[in-house]
Amino acid sequence: MHRGKGMKFVGDSRVPAAGHRKPNISKDYSEYPGKTEAFWPNFLLKEWMVGAVFLVGFLCLTVAHPSPLEKIADPSDTAYIPMPDWYFLFLYQLLKYSYASGPYNIIGALVIPGLAFGALLLAPFLDRGPERHPAKRPLATGFMLLAIAGVTYLTWESVVTHDWEAAAEQGKIVAEVDIDTSSEGYQIYEANGCINCHGNQLEGGPAAPSLVGTGLTPEEVADIAINGTESGKMLPGMFTGTDEELTKLSEFISSVEGE
């Protein structure tokens, strides 16, 4: 049909004709039996069930093993050694090695973790294959197994090499007690250097237990002061005062009871 000189109307096959529009129906995947499923409710229900199992398991774990509480933080206690949560233990262990600590601390704190997390960010670009089976994706599977092995090993090393007894002592909640710092027994306690390990309130520290409410008799305290302990935490001959001072010190320590 011509209208005007040299002008024509043509039809565009890309534009659907009016009245022939198809409803917005998802593609039929029936030709792939057993390989597809409906997102709702089949797939989503499975995801919820897996999430519920992990949530219940996590709640049971927190009930069976509650988080340990320690004494109130003391900024003046420079001997306290903090311990990170379990999910950071592998980084904590990494910083113990010579190549990742001291002058090379930047390597353990930034470089190595940065490379690891950078590899995770680049994972979609490093392995773009359509396969889902781990054996057919060696690059992604290899990186994942390497990461799991590294985190597991470092976490295990951190746990087995940590001095848990000392950590429990340094964070132990001790009973509050008023110490008579003007007493003769306390003066001997301070002058003999006991305060350096056991604290100015007899609360103990990383290398020494609390002396509050020990339940020991004065004779037992004197014996430890002279002969030390079997564990070796207190060596023989630590007390260097006179017998009279030892008697007063032992009576003082034995009399300190927690509230």
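Among the residues that make up segment 24-38, is at least one of them surrounded by 10 or more Cβ atoms within 10 Å (Cβ to Cβ) and at pLDDT 75 or above?
Looking through segment 24-38, at least one residue is surrounded by 10 or more Cβ atoms within 10 Å (Cβ to Cβ) and at pLDDT 75 or above.
Going by the structure shown, is residue 199 touching a His at 6+ places or on another chain (Cβ under 7 Å) and either over 22 Å from residue 235 (Cβ atoms) or modelled with pLDDT under 80 (or both)?
Details: touching a His at 6+ places or on another chain (Cβ under 7 Å): no; either over 22 Å from residue 235 (Cβ atoms) or modelled with pLDDT under 80 (or both): yes.
When the stated conditions are applied, residue 199 does not pass them.
Would you check which residues across segment 228-245 are over 44 Å from the mean Cα position of the chain (by Cα) and not β-branched (Val, Ile, Thr) and list them? Steps first, please.
Restricting attention to segment 228-245, the residues satisfying the condition of being over 44 Å from the mean Cα position of the chain (by Cα) are 241-245.
Those that are over 44 Å from the mean Cα position of the chain (by Cα) and not β-branched (Val, Ile, Thr): 241, 243, 244, 245.
Looking for something part of a loop (DSSP other than H, G, I, E, B) and under 31 Å from the mean Cα position of the chain (by Cα) - is there at least one such residue anywhere in segment 129-149?
Kept after step one, since they are part of a loop (DSSP other than H, G, I, E, B), are these residues of segment 129-149: 129-133, 137.
From the residues that got through so far, the ones that are under 31 Å from the mean Cα position of the chain (by Cα) too are none.
Checked segment 129-149: no residue is part of a loop (DSSP other than H, G, I, E, B) and under 31 Å from the mean Cα position of the chain (by Cα).
Give segment 157-167 a look and list any residue that's touching a Pro at 6+ places or on another chain (Cβ under 8 Å) and either aromatic (Phe, Trp, Tyr) or over 22 Å from residue 94 (Cα atoms) (or both), or say none.
none
Which of the following residues is in contact with a Pro (Cβ under 8 Å, 6 or more places away or on another chain) and part of a helix (DSSP H, G or I): 121, 154, 110, 91?
Of 121, 154, 110, 91, the one residue that is in contact with a Pro (Cβ under 8 Å, 6 or more places away or on another chain) and part of a helix (DSSP H, G or I) is 91.
Condition test on residue 233, is it surrounded by 14 or more Cβ atoms within 10 Å (Cβ to Cβ) and either outside any loop (DSSP other than H, G, I, E, B) or touching a residue at least 40 places away in the same chain (Cβ under 8 Å) (or both)? It would help to see each step written out before you state the result.
Working: surrounded by 14 or more Cβ atoms within 10 Å (Cβ to Cβ): yes; either outside any loop (DSSP other than H, G, I, E, B) or touching a residue at least 40 places away in the same chain (Cβ under 8 Å) (or both): no.
In short, no.
Considering only segment 64-100, state which residues are touching a helix residue (DSSP H, G or I) at 6+ places or on another chain (Cβ under 6 Å) and among the hydroxyl-bearing types (Ser, Thr, Tyr).
Once the filter is applied, which keeps residues that are touching a helix residue (DSSP H, G or I) at 6+ places or on another chain (Cβ under 6 Å) and among the hydroxyl-bearing types (Ser, Thr, Tyr), segment 64-100 yields 80, 92.
The values are calculated or read from the model by the stated rules, or taken from the named source; none is laboratory data. Model, not experiment: these values are computed from the prediction. Cβ sites come from the backbone with ideal geometry, for glycine too, and all protein chains shown count toward neighbours.
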